[in-house]
Each structure stands twice: as C-alpha cells, then as structure tokens.
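One structure below.
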Amino acid sequence: MNYIIKAVLLILVISTGLKTSAQKITAADSVMVALEKPEHSPRKATIYSAVLPGLGQIYNKKYWKVPLVYIGFGTLGYFIDWNNDQYTLYREAYADIADDDPNTNSFEELNFEGRWNLDNPRERNQFSEALNRAKETARRNRDLVIISTAAFYALNIIDASVDAHLFNFDISDDLTMKWMPGPVYCLDQRLVGIHCRIRF
C-alpha cells in the first residue's frame, strides 16, 4: 500500500513539473493580442434608463445627471400629489353644496372669513360655480403634470440613448478643418479656388 501512495505522489509531482514546463514553452511562443475594448451600447443605455430612470446615465458615466433626474421626478410627483389633494378637496366641497343634505357641509371651510352669504340663493349658486371651476382647474393641472411626468420619463430615456451614441465620439485636437487657396481646373482652364480639408 505504501508503494501505491508513493507512486501516485511521484506521478503527481512529475505531471506538475511537465505542466509548468509546457506552459513556459507556450508562453514563449505566444503572440501578444490586444484586448478589444467592449463597445458602449446605446441599446443597453436605453433599456437601463427605461427600467430605472438614471441607470442609463450611470451606464454612460454621466453621474452628475442622476440627481437631476430624481429631483425632476420628485418635483413632478409633489405637484401631482398637491393638485390631486386640491381636486379631492374641491370635488368633495362641490358635491356637498350640490346635495341638500345639511349634514354634509365641508364647503363651509372654504368660505374664508364668511365672504359668501350662503343663505342667499344667488351667492350660494355663485359659490357653487366657483367651487366647480376650482375643481376643474385642479383636475386639469393634475393631468398636465402627469403628462409632463411621462414626457420627462421619455426625455430621460432619450438623453441616455443620445449620450451612449456620443460616448466614443472623438473630440480631440485632430478634428480640424483647414482651408487655403489653390488651383482649380474647370473646362481645361486653371482658376483660383479654395481647397478645404477636414480631418476626423
């Protein structure tokens, strides 16, 4: 049994030594290959930004835009909530003044300092119309802010996509345009013209 263990250990040592020498030979004969940089994908940036706003900007390494995205969404969300609260308040007050139930009187809280004499039918009708206009204005403003939020979401996706397309755009000093006077041939005549050379 001792011989078997010694033989296995000897085989392992020999095979390990052969493997390292083979690696040395391969490394000496190999050619260095430059690794290609992974291509920056506009598709990935678009999908990332659509799934989670701001993630496409992080993928594009435009970290400074992420707080702007979330400040924009936070502001729009605040105004949606505020306009919705106003709409709910005026809707309930208008519903209370429209019915003849004396127990529903939430509209009286909106009659600031008793500006409207609600015992007078004419003023009560005017106050009712004012509540209806305020309700419709709050609803319209809430809906406009919701539409603005959808537009801001789309703008976030477009921004990430455009940034990804321009990620590898070369803006070095080699982008030049030179122009100088030179000869121009037209109908076998030599004329003076302008040569323009653009380097990308």
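The values are calculated or read from the model by the stated rules, or taken from the named source; none is laboratory data. What you see is a predicted model, and the numbers here were worked out from it, not measured in a lab. Using ideal geometry, Cβ is built from the backbone for each residue, glycine included, and neighbour counts are taken over all protein chains shown. These accessible areas exclude ligands, DNA and RNA; they are computed on the full protein's heavy atoms, side chains included. Shrake-Rupley method; radii C 1.70, N 1.55, O 1.52, S 1.80 Å.
Numerical summary
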| quantity | calculated |
| --- | --- |
| Search result, residues across the range 73-88 that are in contact (Cβ under 8 Å) with a residue 24 or more places away in the chain and more than 18 Å from Ala150 (Cβ to Cβ) | Gln86, Tyr87 |
| Qualifying position, being open to solvent by 80 Å² or more (accessible area, probe 1.4 Å), out of contact with any Lys or Arg (no Cβ under 7 Å at 6 or more places or on another chain) and modelled with pLDDT of 75 or more, among Asn132, Asn168, Asn141, Asn120 | Asn168 |
| Elements of type helices (runs of 4 or more DSSP H) contained in the range 1-116, each with 1 or more residues being more than 29 Å from Asn141 (Cβ to Cβ) and at pLDDT 65 or above | 2-29, 42-51, 55-59 |
| Pairs, first under 19 Å from Phe152 (Cβ atoms) in the range 38-66, second open to solvent by 100 Å² or more (accessible area, probe 1.4 Å) and of a type in the set (Ser, Thr, Tyr), C-beta under 7 Å, six or more apart | Gly54/Tyr70 |
